[in-house]
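To start, the structure under review is shown below, and the notes come after it.
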Amino acid sequence: MNFQNFDFHPRIAAGIAAAGYCTPTPIQIQAIPKVMQGNDLIGLAQTGTGKTAAYALPLLNRLLNKTNRKIRALIIAPTRELAEQIHQDIKTLGSRTDARSLTLYGGVGLNPQIRDLKRGADIIVACPGRLIDHIQRGNMDFSCLEVLILDEADQMLDMGFIPDIRRILKHIPRDRQTLMFSATMREEIRQLANEVLRKPLTVQIGQPAPADTVSHTHFPVPQDLKTPLLLKILKDIQIGSVLIFTRTKHRAKRLSEILFKAGYGSTSLQGNLSQGRRQAALDGFRSGKFQILVATDIAARGIDVSRVSHVVNYDIPATAEAYIHRIGRTGRAEQKGKAFNLVTSEDKDIIRSIDRCLGSLVERRTFADFDYGSSAPAKPYRASYSTKPRQLDRQSLR
Ligand code: AMP
């Protein structure tokens, strides 16, 4: 299977070449023909699968017939970073077309966006809050809209955006093609799909990356020794580009400062930063200026950082699904990635479900020369300490 099979216009084919894509990913193979036939579609796939191009390529192909700078496609995404990333992908893939894409999200001035809207765009990539703002100010003309795309619908649900989506829907034509992408199909998402999609086809992509190209290591540690242990890991283990997840914004900021003081090129990505600083953090991490990015889930959601060698779960996420999401940032495109998990005794239930989900060998590792101190990890972990990969001993976690 290659991109020629899709019968894209040569200008789209040139965009694919400009992006450096050689063969389509599984979600692209499944979704592109269905979208090109004009079907509504539910894509169950997460970031890292190539889902953006799966909808962007048919969209750009469709927009070739005329570019009148009226809004013909609206893409709604939960975070500014994701919106920006989608916009950049569209710019690359559509670099040989005349299609113009525009982003609308909060945290930056309204006026430049209003000015850009007046100049006209074919594709709008927007976050819900700012889009509603523009709709209320009478800045949006959706009379020519043909395609609506809801990206990362489950994240929009988590962030409380579903009522906003319903409000936006009232302002766009009912006669349109609608595509919805979500990593999961929870009940609320199913409900939304029933409301917004017409006779949708569904394509679903599993999670090959974690199993195939990512190795996982649990580092048992008492809660109060997580930071010293992280410093030990960074010192002892050959690492490249590291994405560290914390549960809170405050902790992301604090930890990044500690790592910076310890001599690492480190920055943080969390909701308290201005848009400019978030973008600078992300760009700096992508370019290699910062070796370490400390982020919260919300801030990092959907972000494509293809060259991450290690994902460190400083705080273990609340669900196995969230874990799979986080580690989707490493081990992409057949590169080997590593997931390091700082595991406390409080995490044992969630670790059990993560291990079940991975269903493979999970290495458990301690350092003989690290002082686990008086508050050493709770017994169940101590019983299973080993520096060698071993089959998960589920009993030891109970
Ligand atoms: P996405 O899931 O859309 O965030 O895409 C994840 C990454 O895969 C992005 O860096 C894309 O540029 C890249 N990508 C998408 N499709 C392909 C492809 N067919 N071949 C190689 N890389 C791709």
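Scan segment 245-257 residue by residue and report those that are surrounded by fewer than 18 Cβ atoms within 10 Å (Cβ to Cβ) and touching a helix residue (DSSP H, G or I) at 6+ places or on another chain (Cβ under 6 Å).
The answer is none; no residue qualifies.
Within segment 83-130, can you find the residues that are among the small types (Gly, Ala, Ser) and either in contact with a His (Cβ under 9 Å, 6 or more places away or on another chain) or within 16 Å of the ligand (Cβ to nearest atom) (or both)?
Matches in segment 83-130: Ala83, Gly94, Ser95, Ser101, Ala126.
Quick grid of which residues meet (1) over 16 Å from Val196 (Cα atoms); (2) modelled with pLDDT of 95 or more:
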residue	(1), (2)
Asp98	yes, no
Gly129	yes, yes
Ile135	yes, yes
Gly138	yes, yes
Leu148	no, yes
Glu152	no, no
Leu157	no, no
Phe161	no, no
Asp164	no, yes
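Only one residue in Gln279, Gln238 is out of contact with any strand residue (DSSP E or B) (no Cβ under 9 Å at 6 or more places or on another chain), open to solvent by 60 Å² or more (accessible area, probe 1.4 Å) and not assigned by TED's automatic domain parsing to the domain that holds Thr47, so which one is that?
Gln238
Looking only at segment 38-61, how many residues end up being within 7 Å of the ligand (Cβ to nearest atom) and in contact with a strand residue (DSSP E or B) (Cβ under 6 Å, 6 or more places away or on another chain)?
1
The values are calculated or read from the model by the stated rules, or taken from the named source; none is laboratory data. For clarity, every value in this text was computed on a predicted model and none was experimentally measured. FYI the Cβ positions are ideal-geometry reconstructions off the backbone, even for glycines, and counts take in every protein chain you see. Note: areas computed on protein heavy atoms with side chains; ligands, DNA, RNA excluded. Shrake-Rupley method; radii C 1.70, N 1.55, O 1.52, S 1.80 Å.
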